[in-house]
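Asks: Input: one structure, supplied below.
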Amino acid sequence: MMVGITIGDPLGIGPEVILKSLNNLSKYRSELLIIGSEGAFSFWNNFYNLNNSFTSVNSIEQLEEKLNKRWDGFLLFDVGLEFEEDNYFRSSEIAIKSIDISVDFLNLGIITSVVNGPVSKEGISNVIGEFKGHTWYYAKSFNIKDYNMAFYSDDIKVVLVTEHVPLRDVFNLITEERLLSTINNTVNWVKGIYLGKKEFKIGICGINPHAGEGGKLGSDEKIIAEALSKVNDKSVKFFGPLPPDTAFLEYKKQKFDAVICMYHDQGLIPFKLLHFEDGIDVSLGFPFVRSTPDHGTAFGLVGKNFASHRSMLNAIRYNLMFTSNESIPQE
């Protein structure tokens with residue numbers, strides 16, 4: 001069972017935070033497969049004066065041969081595109097090819113989960129056309145309809161009902177079917193995280209201020225209450241619809257296992273306030289574990305040696321928690 005790690009955009013901070021993370025993961029070398037550009041990793045490894053070593057392969061035949069033997073350093077699958085230091089189009093080509101190879105490797109069972117380095121949506125869209133992000137791309141590749149974006153830290157777990165959509169569209173997108181799918185994905189997620197635990201608490205936010213205040217500020221919360229009434233899982237206690245402005249206070253007070261938020265900023269503002277540098281983004285509803293750092297390519301930080309690798313390290317540790325069957329604390 002191996003974790004695949006895609007490079008992200010080679011001209012972003014992806015290679016830097018991956019390389020710095022690998023310095024802390026020598027114990028797990030046999031469980032990690034890096035997917036990207038050998039030239040890019042070599043360039044940035046030397047640039048930042050890091051001491052990672054790699055065994056590089058560029059075909060499935062070479063990879064399978066190595067997997068049956070021991071290898072030095074970290075195993076790297078080179079995507080076969082030459083890295084160019086000032087070519088952003090080529091950089092995006094490497095980024096999307098790394099993702100496509102991870103899809104192939106997931107289908108083949110070579111890897112059982114994937115961690116993605118940050119990419120430029122605009123850059124990849126210039127290469128292949130529409131690209132709405134990793135979660136969307138994997139869902140499309142595996143024909144998955146009912147999935148959610150979620151965010152993980154040791155003390156807070158957030159699930160979004162809607163993702164990157166205009167605020168004016170949120171009310172129409174929150175349907176009973178979508179809510180029930182989100183609740184099901186959330187329940188399965190917390191049960192997978194907290195193995196051995198038998199009772200769970202999940203909070204669910206309202207849509208309007210004060211959760212509608214009994215109808216004075218809107219009646220949209222009725223659909224949330226109706227969805228909750230149809231959930232029949234005695235191991236889970238639901239709290240809500242909660243006033244969004246105090247939902248995270250309730251999280252702390254009631255010791256929730258997760259909270260479901262209706263739209264992007266409702267969940268991400270408090271999460272990023274507390275965990276901007278160490279939180280991670282995970283996908284729910286997939287038949288494999290997928291995570292990514294909770295930050296972007298940060299082109300402005302490239303080459304300055306300022307980028308924090310904590311989020312990337314935590315993303316890799318999150319995946320290893322499932323493949324290694326051991327508790328791996330977050331950074």
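Asks: Scan Tyr147, Tyr194 and give me the residue that is over 21 Å from Leu242 (Cα atoms) and buried (at least 17 other Cβ atoms within 10 Å of the Cβ).
Replies: On inspection, the qualifying residue turns out to be Tyr147.
Asks: Against the condition at pLDDT below 95, assigned by TED's automatic domain parsing to the domain that holds Leu19, more than 27 Å from Val282 (Cα to Cα) and surrounded by 14 or more Cβ atoms within 10 Å (Cβ to Cβ), how does Lys132 come out, does it pass?
Replies: Spelling it out, it is not the case that Lys132 is at pLDDT below 95, assigned by TED's automatic domain parsing to the domain that holds Leu19, more than 27 Å from Val282 (Cα to Cα) and surrounded by 14 or more Cβ atoms within 10 Å (Cβ to Cβ).
Asks: Can you find even one residue in the range 23-39 that is among the basic types (Lys, Arg), under 28 Å from Pro287 (Cβ atoms), touching a Phe, Trp or Tyr at 6+ places or on another chain (Cβ under 8 Å) and surrounded by fewer than 18 Cβ atoms within 10 Å (Cβ to Cβ)?
Replies: yes
Asks: Mind listing whichever residues of the range 38-58 are of a type in the set (Phe, Trp, Tyr) and either touching a residue at least 24 places away in the same chain (Cβ under 8 Å) or in a helix (DSSP H, G or I) (or both)?
Replies: If the condition is that a residue be of a type in the set (Phe, Trp, Tyr) and either touching a residue at least 24 places away in the same chain (Cβ under 8 Å) or in a helix (DSSP H, G or I) (or both), then Phe41, Phe43, Trp44, Phe47, Tyr48 are the ones that fit.
Asks: Looking only at the range 104-136, which residues are under 15 Å from the mean Cα position of the chain (by Cα), under 22 Å from Leu32 (Cα atoms) and in a helix (DSSP H, G or I)?
Replies: Answer for the range 104-136, where residues must be under 15 Å from the mean Cα position of the chain (by Cα), under 22 Å from Leu32 (Cα atoms) and in a helix (DSSP H, G or I): His134, Thr135.
Asks: Which residue pairs have Cβ atoms closer than 7 Å, lie 6 or more positions apart in sequence or on different chains, and pair a first residue in the range 21-33 that is more than 16 Å from Ile7 (Cα to Cα) and outside the structural domain of Val114 (by TED's automatic domain parsing) with a second residue that is of a type in the set (A, V, I, L, M, F, W, C) and at pLDDT 95 or above?
Replies: Close Cβ pairs (under 7 Å, with a partner that is of a type in the set (A, V, I, L, M, F, W, C) and at pLDDT 95 or above) do not exist here.
Asks: Examine the range 193-201 for a residue that is assigned to a loop (DSSP other than H, G, I, E, B), at pLDDT 95 or above and more than 23 Å from Asp294 (Cβ to Cβ), and state whether such a residue exists.
Replies: yes
Asks: Still on this structure: Given Asn208, Asn185, which one is more than 30 Å from Phe322 (Cβ to Cβ) and surrounded by fewer than 21 Cβ atoms within 10 Å (Cβ to Cβ)?
Replies: Answer to the selection: Asn208.
Asks: Which number in (1) out of contact with any Phe, Trp or Tyr (no Cβ under 9 Å at 6 or more places or on another chain); (2) under 29 Å from Phe322 (Cα atoms); (3) surrounded by 13 or more Cβ atoms within 10 Å (Cβ to Cβ) marks the one condition that Glu250 misses?
Replies: The one condition Glu250 does not meet is (1).
Asks: Residue check: is Phe142 over 24 Å from Gly279 (Cβ atoms) and either aromatic (Phe, Trp, Tyr) or in the same structural domain as Ala227 (by TED's automatic domain parsing) (or both)?
Replies: Judged against the criteria, Phe142 is a match.
Asks: Residues Leu63, Leu19, Leu81: which one is assigned to a loop (DSSP other than H, G, I, E, B) and either within 26 Å of Phe288 (Cβ to Cβ) or within 21 Å of the chain's Cα centre (by Cα) (or both)?
Replies: Among Leu63, Leu19, Leu81, only Leu81 is assigned to a loop (DSSP other than H, G, I, E, B) and either within 26 Å of Phe288 (Cβ to Cβ) or within 21 Å of the chain's Cα centre (by Cα) (or both).
Asks: So, of the residues in the range 157-206 that are farther than 21 Å from Asp265 by Cβ and basic (Lys, Arg), which turns out to be nearest to the chain's Cα centre (by Cα)?
Replies: Within the range 157-206, the match that is nearest to the chain's Cα centre (by Cα) is Lys191.
Asks: Do you know which residues across the range 137-181 are in a helix (DSSP H, G or I) and of a type in the set (Gly, Ala, Ser)?
Replies: Correct list: Ala139, Ser141, Ser181.
Asks: Being in contact with a helix residue (DSSP H, G or I) (Cβ under 6 Å, 6 or more places away or on another chain) and aromatic (Phe, Trp, Tyr) is the requirement here; does Phe54 meet it?
Replies: No.
Asks: Determine whether the range 208-231 contains at least one residue that is at negative phi, aliphatic (A, V, I, L, M) and in contact with a Ser or Thr (Cβ under 8 Å, 6 or more places away or on another chain).
Replies: Yes, there is a match, as at least one residue in the range 208-231 is at negative phi, aliphatic (A, V, I, L, M) and in contact with a Ser or Thr (Cβ under 8 Å, 6 or more places away or on another chain).
Asks: Moving on to the next point. Looking at (1) within 30 Å of Val119 (Cα to Cα); (2) assigned to a loop (DSSP other than H, G, I, E, B), which is the one condition that is false for Lys234?
Replies: With respect to (1) within 30 Å of Val119 (Cα to Cα); (2) assigned to a loop (DSSP other than H, G, I, E, B), Lys234 is out only on (1).
Asks: Now, a different point. Does Gly80 meet the test of being touching a strand residue (DSSP E or B) at 6+ places or on another chain (Cβ under 6 Å), surrounded by fewer than 18 Cβ atoms within 10 Å (Cβ to Cβ) and assigned by TED's automatic domain parsing to the domain that holds Gly296?
Replies: Against the criterion (touching a strand residue (DSSP E or B) at 6+ places or on another chain (Cβ under 6 Å), surrounded by fewer than 18 Cβ atoms within 10 Å (Cβ to Cβ) and assigned by TED's automatic domain parsing to the domain that holds Gly296), Gly80 does not qualify.
Asks: Could I ask something else about it? Report yes if Phe271 is modelled with pLDDT of 95 or more and closer than 17 Å to Leu160 by Cα, otherwise no.
Replies: yes
Asks: How many residues, within the range 260-305, are under 17 Å from the mean Cα position of the chain (by Cα), assigned to a loop (DSSP other than H, G, I, E, B) and β-branched (Val, Ile, Thr)?
Replies: Adding up the residues that qualify gives 1.
The values are calculated or read from the model by the stated rules, or taken from the named source; none is laboratory data. Not measured: the values here are computed from a predicted model. A quick note on method: Cβ atoms are made from the backbone with ideal geometry, for glycine too, and the neighbour counts reach across all protein chains shown.
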